[in-house]
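Step one of this worksheet: look at the structure below.
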Amino acid sequence: MAAAPQAPAAGRAEPSHGLRIALIWLPLALAADLVIWFVWGPHLPPGDMSNTAASQQFDIKVMSVMAAPVVLAVLVYSGYAMITWRPRAGAGEDEDGPPIEGNSRVQFSWIAITSVLVLSLFVFGWVELVSPPGAGAGEGPSALWKPGGTPLQVQVIGQQWLFTYRYPQYGGFETTDLVLPAGQSVQFNVTSLDVIHSFWAYQLGVKADANPQVNNIAYTTPEHTGGFTVRCAELCGLWHGAMYDYGRVVPVAAFQSWAHATETSMAKITRTLPRYALVYYPNEIAGLAKFYYEAGLPGAGGGFYGNQYYPNEP
Ligand SMILES: [Cu+2]
C-alpha cells in the first residue's frame, strides 16, 4: 500500500523509506483489520436480525476492513514524513525539496491499487444488491430481484403520522401491530395516503420510501425472533419525529395464530375498509361514514362512499 516517494539520491546511502513505512504500516493494518472483523464487526449496525440486516452488517465490515489500511497508510506516511524529513536547525529550512517526477513505481502502484479497490467495490456492491434480493431497499412497483417461493405479503401504509399494516393473505385486516414470522420471506408493499414517508425497519435492514399512489416493494427474511423499531425516515410534517412503532418477529406458529385471531377479531372493521389494493386515495376512508350510518352510530360526520353521499343522520 505505502509506496512512498523515493527520497532523492543525496550522494550518500539513503535508507529505504518505502520499506520502512511498509514495515510500520503492515502490522498496524493487520491489527486494525482483525479488530474490525472479529471484535467490532458483530456489533456493527443494523445487526443480524434478518438476511438483509446481516448482509448490510457484512457490507460495512468489508468496507471498514478495506478502508482501515488506506487510512493507516496516510497516517503512517504523514507521521513518518514529519519525523524523518522535518527541517533541521540551520539546514536550509526555507528551501523546497526537489520535485518528484517520473517515478514510475509510485505512479504504477497508485493507479493499480486504487483501480483494484474501486473496481472490486463496484463488483461487491452489485453482488450484495442482488443477494439478498434488493438488499432491503424499495425496488419500486415491479421488483427486479425477487426471492423464490411465495413471500408473506405485508402492506405498509404511511400517513401523517403513523404506519398501519395490512395482511392481504389473511383477509386484508389492517392493524398498527407489525408481526412477522421468523424464517419466512416477507414482501413489504409500501405506500402512503398523503405525503412522502419512509418505512425504516431498522433492525430488519429495510428502508423503503412510502409515496402516495406508488407501491414500493421491499423484501426481507427475518431470521431471529425479537423486537425491532420502525421509524419514518422522511421529514413528513409536524409530528414526523413521533412517527415510530415497534414490530416483532415471532416463531411461525405464533405468527399463524396471531394472524388468524386478528383476522377473526377484526372482521367487522375489515369489511368497512377500502378493498385491499396496492395504492389508495385518501378519501376512500370516507367509507367509514357508510359503516357508521348503517350501524346507527353517532358522530360519524357525512361522507362519500364511492359516488354515494351518506349524511350523518338516519
Ligand atoms: Cu412520515
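Summed over the stretch 191-207, residues that are touching a residue at least 40 places away in the same chain (Cβ under 8 Å) and open to solvent by 10 Å² or more (accessible area, probe 1.4 Å) total 7. Starting from residues that are among the hydrophobic types (A, V, I, L, M, F, W, C) and out of contact with any Phe, Trp or Tyr (no Cβ under 8 Å at 6 or more places or on another chain), keep the ones in the stretch 183-207 and report whichever is farthest from the ligand (Cβ to nearest atom). Looking at residues that are among the hydrophobic types (A, V, I, L, M, F, W, C) and out of contact with any Phe, Trp or Tyr (no Cβ under 8 Å at 6 or more places or on another chain), I get Trp200. Of Thr225, Thr229, all but one fail to be open to solvent by 70 Å² or more (accessible area, probe 1.4 Å) and outside the structural domain of Asn51 (by TED's automatic domain parsing); the exception is Thr225.
Just one of the numbered conditions (1) in the same structural domain as Ala259 (by TED's automatic domain parsing); (2) modelled with pLDDT of 95 or more; (3) not hydroxyl-bearing (Ser, Thr, Tyr) is not true of Val123: (1).
All of Glu128, Glu174 fail the test of being closer than 17 Å to Val279 by Cα and charged (D, E, K, R), apart from Glu174. The residues on offer are Ile269, Ile217, and the sole one that is open to solvent by 60 Å² or more (accessible area, probe 1.4 Å) and not small (Gly, Ala, Ser) is Ile269.
Residues considered: Trp161, Trp145. Of these, the only one that is crowded, with 17+ Cβ neighbours inside 10 Å and either closer than 22 Å to Glu234 by Cα or not assigned by TED's automatic domain parsing to the domain that holds Tyr219 (or both) is Trp161. Give me the pairs: first residue in the stretch 144-169 and under 16 Å from Val279 (Cβ atoms), second residue assigned to a loop (DSSP other than H, G, I, E, B), beta-carbon distance under 6 Å, and six or more apart or on different chains, which are they? Taking only residues 6 or more apart or on different chains, the pairs are Gln159/Leu193; Gln159/Asp194; Thr164/Thr176; Arg166/Gly172; Pro168/Tyr276. The condition of being open to solvent by less than 60 Å² (accessible area, probe 1.4 Å), closer than 20 Å to Glu139 by Cβ, more than 23 Å from the chain's Cα centre (by Cα) and more than 16 Å from the ligand (Cβ to nearest atom) holds for Ala277. For the stretch 74-99, the tally of residues that are β-branched (Val, Ile, Thr), surrounded by 11 or more Cβ atoms within 10 Å (Cβ to Cβ) and more than 30 Å from Val62 (Cα to Cα) stands at 1. Within the stretch 219-240, the set of residues being of a type in the set (Gly, Ala, Ser), within 16 Å of the ligand (Cβ to nearest atom) and modelled with pLDDT of 95 or more comprises just one member, Ala233.
To keep it simple, each residue is scored yes or no on (1) open to solvent by 30 Å² or more (accessible area, probe 1.4 Å); (2) in a helix (DSSP H, G or I); (3) within 16 Å of the ligand (Cβ to nearest atom); (4) closer than 19 Å to Thr191 by Cα.
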site: Glu101; (1), (2), (3), (4): yes, no, no, no
site: Arg105; (1), (2), (3), (4): yes, yes, no, no
site: Thr114; (1), (2), (3), (4): yes, yes, no, no
site: Ser120; (1), (2), (3), (4): yes, yes, no, no
site: Glu174; (1), (2), (3), (4): yes, no, no, yes
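The values are calculated or read from the model by the stated rules, or taken from the named source; none is laboratory data. None of these values were measured; they are calculated from a predicted model. Virtual Cβ from ideal backbone geometry, glycine too; neighbours counted across all protein chains shown. Ligands, DNA and RNA are stripped out before the accessible areas are found, and what is left, the full protein with its side chains, is counted by its heavy atoms. Shrake-Rupley method; radii C 1.70, N 1.55, O 1.52, S 1.80 Å.
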